[in-house]
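Below is one structure, written out as structure tokens, with a few remarks after it.
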Amino acid sequence: MFDTAEDVFTLLSALYDNPQYTTQPIARLACLLQMSNKYMVDSVYVAVLAALHQHLPRTVQGWKMHPVARPLKAKLLIMDAAYAANATLLLPALYYTLCDNTLAEIQDAKPDLPHSRLTAYVAGNHWVKPILPDKPYG
């Protein structure tokens, strides 16, 4: 797969400008996660993971203390980047945030979502339902 000029520019900017990752837009973080993994730029990869962890708490208690509303497309964009970059630590938080959306909303937003991810979403909803009754479970 070829990289776009914009993606390469984003990675090179991260290397030379030393940006504050926590203030970067989600789309840029997703791009940096994928590109830094692909080209083994560990310093950027680790910094982006740390920034994403601030956006995605790792525990239910963390979500209750710091609820963060993210648009569905942003959640799916980060999920794609996490799978592509083998950043599996982000996945539980991402699936948790998807519980704010119904299955129909997810399929409308990303009709080509792999079956394995839909299965994980449904299984996660089933597990989360008794713990968090305020989620839509669609």
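Computed quantities for the displayed model
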read-out: Members of region 13-27 found to be free of Cβ contacts under 8 Å to residues at least 40 places away in the same chain, surrounded by 10 or more Cβ atoms within 10 Å (Cβ to Cβ) and either closer than 18 Å to residue 81 by Cα or in contact with a helix residue (DSSP H, G or I) (Cβ under 6 Å, 6 or more places away or on another chain) (or both), listed by number; value: 14, 21, 22, 24
read-out: Single match in 50, 30 (criterion: under 21 Å from residue 110 (Cα atoms) and either open to solvent by less than 70 Å² (accessible area, probe 1.4 Å) or charged (D, E, K, R) (or both)); value: 30
read-out: Residue list for region 16-35, filter: touching a Ser or Thr at 6+ places or on another chain (Cβ under 8 Å) and either within 20 Å of residue 90 (Cα to Cα) or not in a loop (DSSP other than H, G, I, E, B) (or both); value: 28, 31, 32, 35
read-out: Region 80-105, residues that are more than 26 Å from residue 38 (Cβ to Cβ) and open to solvent by less than 50 Å² (accessible area, probe 1.4 Å); value: 96, 99, 101, 102, 103
read-out: Any hit, region 41-56, residues being closer than 17 Å to residue 124 by Cα and not in a helix (DSSP H, G or I); value: yes
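The values are calculated or read from the model by the stated rules, or taken from the named source; none is laboratory data. Note that this is a predicted model, so its numbers are computed, not measured. Backbone-built Cβ (ideal geometry, glycine too); neighbour counts: all protein chains shown. What goes into the accessible areas is simple: the full protein's heavy atoms, side chains included, and nothing from ligands, DNA or RNA. Shrake-Rupley method; radii C 1.70, N 1.55, O 1.52, S 1.80 Å.
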